[in-house]
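What follows is a short report on a single structure.
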Amino acid sequence: MASSDGDDARNDSVTRDAPEVAGHAPVPSHAAKPHPRGLRGLLTGRRVKRAIPWLLSLCIVAFLFLTTDLAAVGAALESADWGRLVAGMAVVTLAAYVFDSLTLVALFRRYVAPVSQGEVFRIKGVSYFFNAINYSLAAGAMAWILHKKRGAPFLETFSSLVWFFFIDIVALVFLLTLGYVVGSDAIAATPFAARLPWIILAIWAIVAGTLIYWNAGFDFVLLGFMRKWRVFDTFRRARVAEYPAFVLMRAAFIMVYVVMHWLLLPAFGVEIPLDALLVYAPLIAFVQVIPATISGLGAVQGVMVALFAVHVAPTVGDGKAVIVAYSTVIGPLMMVMRLFIGYAFVARVAGDLVPSKGEVEAATHVVGER
């Protein structure tokens, strides 16, 4: 009997402070609290996940510099044509920004909302702040801004950018194939030349499988459930006839980076044929958009060394050191110039997202009436 009274007392003490919900019994207040150990574990796991790309980037960069003649890197930087490098990068950054924004205008008008060119140019400029981390974060930022400005559903908007990422892959493999056809002799000296046809075939197989899945309705046994995911909404809506135009637009955009290397490598005394760069630039772009490192930092430098070093003449210097110098400079240089573009638009975009005084007062009046 004493035990029963004690249990009742404990139950009363638990429910006395518990919130009551209409029509339901009181819920113990401790029931909604997450276990502190579980919460700490969750937060720790997120921190570790976020730290992995940074650690991977730092490890690759450290390895490159520890295995490279730093005196030769310094000599390459000292002898570089900095006037050509800075002026050329400014032109390339501006051209890439314009081409990229115009293709996004076509994308958003078709799948999201009737946006204006100026609107997309501003949004793309601001996204460069997030692009400094990785491509996916920048895409999410653009989707969120359009969601806030246009009221477009966030997931459907983000879906259009996921589909555009796939279009980029198709455009990259298209240029890679074209480069291999017209410039296979120019890349014969590279160590991966013999494997390149298999790489191209593997990527085309992935592209073909994706098109068959979304446009022919073939589920590949177990993958049918993905059709219901809203993040793939644009894949369901896109017609096969629409692919070629978008692929050609993105291929034109990617060609800006092919021309970039062709213009800027001579600043370090390196001459690489344009047909060879038609192969190299898409491979570098593939590595850069993979979110395993911070905006491709480290991975891009390693790939450039593997691709470009064999083209450095002995009279110019140590091939690896020269390309480490080149690859270390062009990334931060383009990032700084992109941030200047973003800075030019950030106040305007932020002003569009922050409600005006009249809108705040109207909202307050509506809430007061309720």
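The values are calculated or read from the model by the stated rules, or taken from the named source; none is laboratory data. Please read these numbers as outputs of a predicted model, since none were measured by experiment. Every residue, glycine as well, gets a Cβ built from its backbone with ideal geometry; the counts of neighbours run over all protein chains shown.
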Task: Filter result for Ala188 (modelled with pLDDT under 90 and either touching a Phe, Trp or Tyr at 6+ places or on another chain (Cβ under 6 Å) or outside the structural domain of Met304 (by TED's automatic domain parsing) (or both)) - done: no
Open item on the list: Being surrounded by 19 or more Cβ atoms within 10 Å (Cβ to Cβ), at pLDDT below 90, part of a helix (DSSP H, G or I) and not aliphatic (A, V, I, L, M): is that true of Thr293 here?
Closed with: no
- [ ] Collect the residues in region 114-159 that are among the acidic types (Asp, Glu) and at pLDDT below 90, keeping them in residue-number order.
- [x] Glu156
Open item on the list: Residue under question is Ala363, and the condition is that it be in a helix (DSSP H, G or I), at pLDDT below 90, assigned by TED's automatic domain parsing to the domain that holds Pro197 and surrounded by fewer than 18 Cβ atoms within 10 Å (Cβ to Cβ); does it hold?
Closed with: no
- [ ] Go through region 49-136 and tell me which helices (runs of 4 or more DSSP H), entirely inside it, have 2 or more residues that are of a type in the set (Val, Ile, Thr).
- [x] 82-111, 117-131
Open item on the list: Please verify whether Val86 is farther than 17 Å from Tyr257 by Cβ and crowded, with 17+ Cβ neighbours inside 10 Å, treating the condition exactly as stated.
Closed with: no
- [ ] Among the candidates Phe268, Phe286, Phe308, Phe340, single out the residue that is among the aromatic types (Phe, Trp, Tyr), under 21 Å from Leu196 (Cβ atoms) and either modelled with pLDDT of 90 or more or not assigned by TED's automatic domain parsing to the domain that holds Tyr128 (or both).
- [x] Phe308
